[in-house]
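Down below is the structure, laid out as structure tokens.
The values are calculated or read from the model by the stated rules, or taken from the named source; none is laboratory data. These numbers come from a predicted model, not from an experiment. Neighbour counts run over all protein chains shown; Cβ positions are idealised from the backbone, glycine included. Ligands, DNA and RNA are excluded from the accessible area calculation, which covers all protein heavy atoms including side chains. Shrake-Rupley method; radii C 1.70, N 1.55, O 1.52, S 1.80 Å.
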Amino acid sequence: LCHNVTPVVDAGQLTYQASSPDEVAIVKWCERIGMTLVHRDRETIHIKFNDLLMVFDILHVFPFTSETKRMGILVRDTDTSEVFFLEKGADAMMSKIVQSNDWLDEECGNMAREGLRTLVVGRKRMAPDLLQTFESAYHHARISVHDRNALMQGCIETILEKDLELLAVT
């Protein structure tokens, strides 16, 4: 869910388009294990898992920047109405954002010694009151005349980027 990949069907063949080959690789890996991205537009993401079609509304996308070294997305599961904040990024940035653990730094260090680049993925379930707090603060930041980008990033950092559940390291 946390990517900017678009599935394209051409002559019956499903392919993926994105500016990042890393994101395409992750989406292709998910396809190989049975979770296929079948639709993505600005508002929804559809994933087919076995015979189940999962649909997610995209509430906000927080693009990757060289300053933050991470990308996030806020989505709502249309079936359960659960809202999730998902984020992926550089291990040095994400280790400060995910819940404390001994495993992450050690494993990322092992991969780095092998010359591998790492990407850490985390998630946060958003309770309705937390979502409302974020939506209100983020709206005020977005309409600000002064320091808009800094205020928006501040909302993300102080409300969303706290104690994410560590999901994966690639």
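For the reader, a short list of remarks on this structure follows.
- Residue list for the range 136-147, filter: farther than 14 Å from PHE62 by Cβ and of a type outside the set (A, V, I, L, M, F, W, C): SER136, HIS139, HIS140, SER144, HIS146, ASP147
- Selected residue (criterion: most open to solvent (accessible area, probe 1.4 Å)) from residues of the range 105-135 that are β-branched (Val, Ile, Thr) and within 18 Å of ILE73 (Cα to Cα): THR133
- Residue within the range 124-145 that is of a type in the set (Asp, Glu), without any contact (Cβ under 8 Å) to a residue 12 or more places away in the chain and in a loop (DSSP other than H, G, I, E, B) present: no
- Unmet requirement for ALA150, which otherwise passes all of (1) of a type in the set (A, V, I, L, M); (2) within 17 Å of GLU161 (Cβ to Cβ); (3) assigned to a helix (DSSP H, G or I); (4) open to solvent by less than 60 Å² (accessible area, probe 1.4 Å): (4)
- A Cβ distance below 6 Å, combined with a sequence gap of six or more or placement on separate chains, defines the contacts here; from the range 103-121, residues that are in contact (Cβ under 8 Å) with a residue 40 or more places away in the chain reach residues that are small (Gly, Ala, Ser) in the pairs LEU104/SER95; VAL121/ALA168.
- One residue stands out among those in the range 18-34 that are more than 18 Å from LYS48 (Cβ to Cβ) and either touching a residue at least 12 places away in the same chain (Cβ under 8 Å) or not hydrophobic (A, V, I, L, M, F, W, C) (or both): the one that is most open to solvent (accessible area, probe 1.4 Å), which is SER19.
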